[in-house]
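The structure appears below as structure tokens.
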Amino acid sequence: VETDVATPGPSPQQAAEIARFDRYVIGSIARQALVLVRGAGSTVWDGDGRAYLDFYAGRGTANLGHCHPAVVMAVHRHADRLLHVGNDFYSRPQGELAERLVRASFDGQVFFSNSGAEANETALKLARRHGTLTGRGGEAIVAVTRGFHGRTMGALSATGTDSYRDGFEPLVPGFRHVELNDLGALEGALEPGVGGMIVELVQGEAGVYPANSEWIRRARELCSKHDIALIFDEVQTAIGRCGPLFAYQRYGVTPDVMTLAKSLAGGVPIGATVIATRLCSVLGPGTHASTFGGAPLACAAALAVLDVLEHSDLLERASAAAEYLDARLSDLASACAPVVEVRGVGLMRAIELRDDLADELTRRCRERHALLIAKTGPRTLRLLPALIVTNGEIDLAIGALEEELATFEHHAPRPEQGTQ
Ligand SMILES: Cc1ncc(COP(=O)(O)O)c(C=O)c1O
């Protein structure tokens, strides 16, 4: 297999930065050998000034593209005015953002935090307390096999993949997992005595597996019947990633609780848990809080994101780009023997490979084509381009993948270390 690279490796200065990082930053995350220093739109630049097409969108945090001018301006403005106030006081951007999120989704209230895991912790605490308060002994929480909800102990307990959980047991008790899209399993699990169910509408980290509509509708019916809090983890699927602002709007099924993070504030850390009116009293005064949650800076950035989406045709343009990507991926699947399947929704797509080629392909795309893509497993590539992606950029990415996949038609891959 040809492994020569078209671009030189990192400069001595970039290599030294990587060495310092590896020496002093804990190694719990495997990284690609690149120091990124700047971003604009769908492009990021490394420490040597080399530009890369980003089909990763900052791990799904840059749906509007990197450093969107409206977000940057909002951050500048608020950095000058008020960086933070304690949540013992009121602050304007938090109240306004809560109103905008509720008006854009379903009636209720919002709890703000700083990350996806925290948004889910809030939802899980709410579900448990809801089950407890109803006096039905309803502490159990149903989650989905291979779902991913974050790395804190509660979110990890909901996460249904052993590799993330290994070595961290005992986890929080009371979680049961059902298979995605298995109707029979739902019927058995959603019974009186369950406080909540948490589900991703498209399982991202597992490899981009969409839930089917019938299954989601049945979950809704059973949760309503047994007074179970239905939680949609939209940390990755929201902010236009799957078409509409929130993915549940595509399914036509409204949850009781929705969790948001990643792209909500255009790259500034934020977490939000939107809670339907009937459950708002579950988290009364003193039950839950966060020092930085709802900080003016993050909320101002999120308001800028919502402004851009509400006052432009970006969601429509992203849907057109998603259709184009879908067609080009289908071509790729027919043309390239190593591709077993392509799947996904909107601009959240996966390419399933016949062999363990994902490490080698992400490396070659980066080094030979200046293209950043992610993998979610040894055989699964994930594409998460920004909503502003153009057909030309999609052609570049698919062309690069086609060229590299062609070299694997008859050869075994060179084994390499994981990169994610
Ligand atoms: C669906 C989903 N939920 C939760 C999380 C955790 O978010 P965070 O890393 O911000 O804690 C992620 C992160 O990838 C995610 O994809």
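The values are calculated or read from the model by the stated rules, or taken from the named source; none is laboratory data. Because the structure is a prediction, the values reported are computed rather than measured. When we count neighbours, we look across all protein chains shown, and the Cβ atoms used for this are built from the backbone with ideal geometry, even at glycine.
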Worksheet, complete the sentence: Among L357, L371, L347, the single one that is touching a residue at least 24 places away in the same chain (Cβ under 8 Å), more than 24 Å from T61 (Cβ to Cβ) and crowded, with 19+ Cβ neighbours inside 10 Å is L357
Practice prompt. Could you check G49 against (1) surrounded by 13 or more Cβ atoms within 10 Å (Cβ to Cβ); (2) under 30 Å from A406 (Cα atoms) and say which number it fails?
Written response: (1)
Worksheet entry | Subset of the range 191-204 [within 16 Å of the ligand (Cβ to nearest atom) and either touching a His at 6+ places or on another chain (Cβ under 9 Å) or within 12 Å of V144 (Cβ to Cβ) (or both)] | G196, M197, I198, V199, E200, L201, V202, Q203
Worksheet entry | Subset of the range 351-369 [under 30 Å from W45 (Cβ atoms) and out of contact with any helix residue (DSSP H, G or I) (no Cβ under 9 Å at 6 or more places or on another chain)] | A358, D359, T362, R363, R366, E367
Worksheet entry | Looking only at the range 173-187, and only at residues there that are within 16 Å of the ligand (Cβ to nearest atom) and not aromatic (F, W, Y), the one that is farthest from the chain's Cα centre (by Cα) | H177
Fill in: Considering residues of the range 123-160 that are away from the ligand (no atom under 12 Å from the Cβ) and β-branched (V, I, T) only, the residue farthest from the chain's Cα centre (by Cα)
T134
Worksheet entry | Test: residue in the range 36-49 that is modelled with pLDDT under 95 and within 30 Å of Y164 (Cβ to Cβ) | no
Worksheet item: Would a scan of the range 128-148 turn up a residue that is surrounded by 17 or more Cβ atoms within 10 Å (Cβ to Cβ), at pLDDT below 95 and of a type in the set (D, E)?
Response: yes
Practice prompt. Test each condition in (1) loosely packed, with under 15 Cβ neighbours inside 10 Å; (2) within 30 Å of S281 (Cα to Cα); (3) not charged (D, E, K, R) for F106 and report the one that comes out false.
Written response: (1)
